[in-house]
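Have a look at the structure below before the remarks.
The values are calculated or read from the model by the stated rules, or taken from the named source; none is laboratory data. What you see is a predicted model, and the numbers here were worked out from it, not measured in a lab. All Cβ positions, glycine included, derive from the backbone under ideal geometry; neighbour counts span all protein chains shown. Remember, those area values only see protein heavy atoms, side chains included, never the ligands or the DNA or RNA. Shrake-Rupley method; radii C 1.70, N 1.55, O 1.52, S 1.80 Å.
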Amino acid sequence: MMSNTSNISNNVNQFLDFINQSPTAFHCVDNVKTILKTAGFKELNENEQWNIQQLGKYYVTKNGSCLAAFAVGGQYKHGNGFALVATHTDSPHLRVKPVSKREDNGFLQVNVECYGGGIWHTWFDRDLTLAGRVFFRKNDKIVTKLVHVKRPILRIPNIAIHLQRDMNEKFVINKQDHLQAVLSLKATEALNKKKDENDKSDCSTKTNDGDSESKKHHSELLELIGDECQCKPEDIINFDFMLADTQPACVGGLKNEFLFCPRLDNQMSSYCAIQGLIQSLDSLTNDRYIRGALLYDNEEIGSESAQGAMSEFTQHILRRITRDNHEQSIANSFLVSADMAHAIHPNYSSLHDKDHKPTLSHSGVVIKTNCNNRYATTAFTSTIIKEVARIDNVQLQEFCMRNDMPCGTTVGPILSSRLGIYTIDVGAPQLSMHSIREMSSVKVFENYLIFFQAFYKNFQQVRDSIEI
């Protein structure tokens, strides 16, 4: 850990480690699994029968990038309902295309596509690496392995201002032409290829010539992946690879008050939701509800996937738990959709409604409201969360978009409409959302952790107090 974090709490240091070890949604879920296992959660498989017990702690995954965790109250009976938090694990990034082999003017490049709505100019002149998962053959089996190359191997260089004099006035990116990453020099690759051919001149190993990965990707890249997986390049079948920044997450600012991190949107919500669930377990014995955290993939591209909030994954899980009491259970349930929120920017304050300016200095969790249902918050669901927060003195803030600007959305409206469940949208305030490096504050993070613990612990008390 960097020296300037010596006076930072263990909570923050552990979160920074989590972010640094989670360059992709796959790594994020894998690290969450480790946290849950340490806390005594048992893994369930979708293709097996489940036996859910009171005080049981469980989790199930989908595609390695989506996870649902549950802790069953000691007084739970079928039909009582759920206290749920929904977040997402993915962030905008550049993803390696199925055919990545690209050469131009002596450079070996990696062909990429844009995932989600990233601020793509922030990816220029960064020391980048690759991370993701690899499928390969091993002992007549197809296995998968997570890979995170821990050194800079890629870069998207800017054009010199001498060649584009108006760059500072209008920096325009062609996403097809200008975001292709440099991997190596062609001369280097040619020398290695010749050496490799000499070394393997007596080797009779062949691949499917029409479908060979060596035709789709640079040999140097496949060799690197093979080294990471401890397999031969010709055994690699396929992979999901994303580009990621190599600069670690850290604290910053004059008083170490800021978080400078990649993927705060939305790994910060995912991490805090899981930690809040775990930290609330000491009050589980007297709870009539099932507490749950849902971490979806593909929110940044619309959630329409088997592992996204638009799928039947949630319905399948909840029905398997509630059995014949599903509809009754949903009527008694509540969901917190947790995604990051827009803090007021000191240089662009006019872009906020003047009465709805969440700040990093206030540190309160943001309640997000939009009457056109871009957020799922209602007066009823907001009332519940305000009472939940009041009991533990958790700070809150309000956000509503300007009338003359479009409003983003979350998994909240999706789940609210598909499940018919009472839902609220909340988030932690941040700056630089969808940049390669984002910004929030230490106090915001600490308050966010407390908020989720308070929700799981206090929901039953608040729900029982409402005469509606």
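Cross-link partners of residue 57 among lysines, defined as those whose alpha carbon lies under 30 angstrom from its own and excluding same-chain residues fewer than eight positions apart: 33, 37, 42, 77, 145, 386, 443, 457.
The long axis of helix 264-279 is offset from the longest Cα principal axis of the chain by roughly 50 degrees. Against the chain, whose longest principal axis comes from its Cα atoms, helix 442-465 is set at around 40 degrees.
For segment 227-321, what value does the Rg/Rh ratio take when both radii are computed over Cα atoms and Rh is the Kirkwood radius, given to two decimals? Result: Rg/Rh = 1.08.
Please identify which residues in segment 408-441 have an amide N closer than 18 Å to a label point set 7 Å out from the Cα of residue 348, following the Cα→Cβ vector. Once the point is set 7 Å along Cα→Cβ of residue 348, 408-409, 428-441 turn out to lie under 18 Å by backbone N, inside segment 408-441.
Quick one, can you get me the convex hull of the C-alpha atoms of segment 16-170 expressed as volume per residue in Å³? Write out the running numbers ahead of the final one.
Working: hull volume 31.0 nm³, N = 155.
That works out to 200 Å³ per residue.
So how much slack lies between residue 256 and residue 386, counting 0.36 nm per residue of separation and subtracting their Cα-Cα distance, in nm? Could you put the intermediate results ahead of the total?
Working: separation 130, 0.36 × 130 = 46.80 nm, distance 2.96 nm.
Result: 43.8 nm gained on full extension.
Ignoring ligands, DNA and RNA, what accessible area per residue does segment 299-351 give at 1.4 Å, in Å²? Walk me through the intermediate numbers first.
Numbers: 2440 Å² over 53 residues.
Here the residues of segment 299-351 average 46 Å² of exposed surface.
Among 343-356, 55-68, 126-139, how do they line up by average Cβ neighbours within 10 Å per residue, starting with the highest? Before the final figure, lay out the partial values.
Working: 343-356: 12.9, 55-68: 21.1, 126-139: 18.4.
The peptides rank, most packed first, as 55-68, 126-139, 343-356.
Using a cut-off of 19 Å between Cα atoms, the listed pairs 101/175; 150/215; 138/216 include 150/215; 138/216 as exceeding that distance.
For segment 281-379, just say rounded, prolate or oblate: build the C-alpha gyration tensor, square-root its eigenvalues into a ≥ b ≥ c, call rounded for a/c under 1.5, and beyond that prolate if a/b exceeds b/c, oblate if not. Could you put the intermediate results ahead of the total?
Details: a/c = 2.45, a/b = 1.75, b/c = 1.40.
Taking the square roots of the gyration eigenvalues as a ≥ b ≥ c, segment 281-379 is prolate.
The fraction of all Cα pairs in the chain landing in successive 20 Å bins from 0 to the largest distance is 23, 52, 23, 2, 0, given as whole percents. In this structure the amide hydrogen of residue 398, modeled in the peptide plane, comes within under 5 Å of the amide hydrogens of 367, none closer than 5 places in sequence on its chain. Taking 0.36 nm per residue of sequence separation and subtracting the Cα-Cα distance, how much length would be gained by fully extending the chain between residue 227 and residue 13, in nm to one decimal? Value of the extension gain: 74.0 nm.
Computed from backbone phi with θ = phi - 60° and the Karplus coefficients 6.51, -1.76 and 1.60, the 3J(HN,Hα) list for segment 18-32 is 4, 4, 5, 9, 10, x, 9, 4, 5, 5, 4, 5, 4, 6, 5 Hz; x is used for glycine and proline.
Based solely on its DSSP helices, what 222 nm [θ] is calculated for the chain when runs of n ≥ 4 H residues each add -39,500 (n - 2.57) and the sum is averaged over all residues, nearest 500 deg cm²/dmol? Write out the running numbers ahead of the final one.
On the way: 10 runs with 128 residues, N = 468.
That calculation yields -8500 deg cm²/dmol at 222 nm.
Over all alpha-carbon pairs of segment 374-432, lay out the pair-distance distribution in 10 Å bins, whole %, shortest bin first. Spelled out bin by bin, segment 374-432 gives 19, 47, 31, 3 percent.
Which of the peptides 159-167, 76-84 is most tightly packed, and how do the rest follow, going by the mean number of other Cβ atoms within 10 Å of each residue? Can you show the working numbers first?
On the way: 159-167: 9.9, 76-84: 20.9.
Highest to lowest by the protection proxy: 76-84, 159-167.
Compute the long axis of helix 313-322 from its Cα atoms, compare it with the longest principal axis of the Cα atoms of the chain, and write down the angle in degrees, 0 to 90, nearest 10. With both axes taken from Cα atoms, the answer is about 40 degrees.
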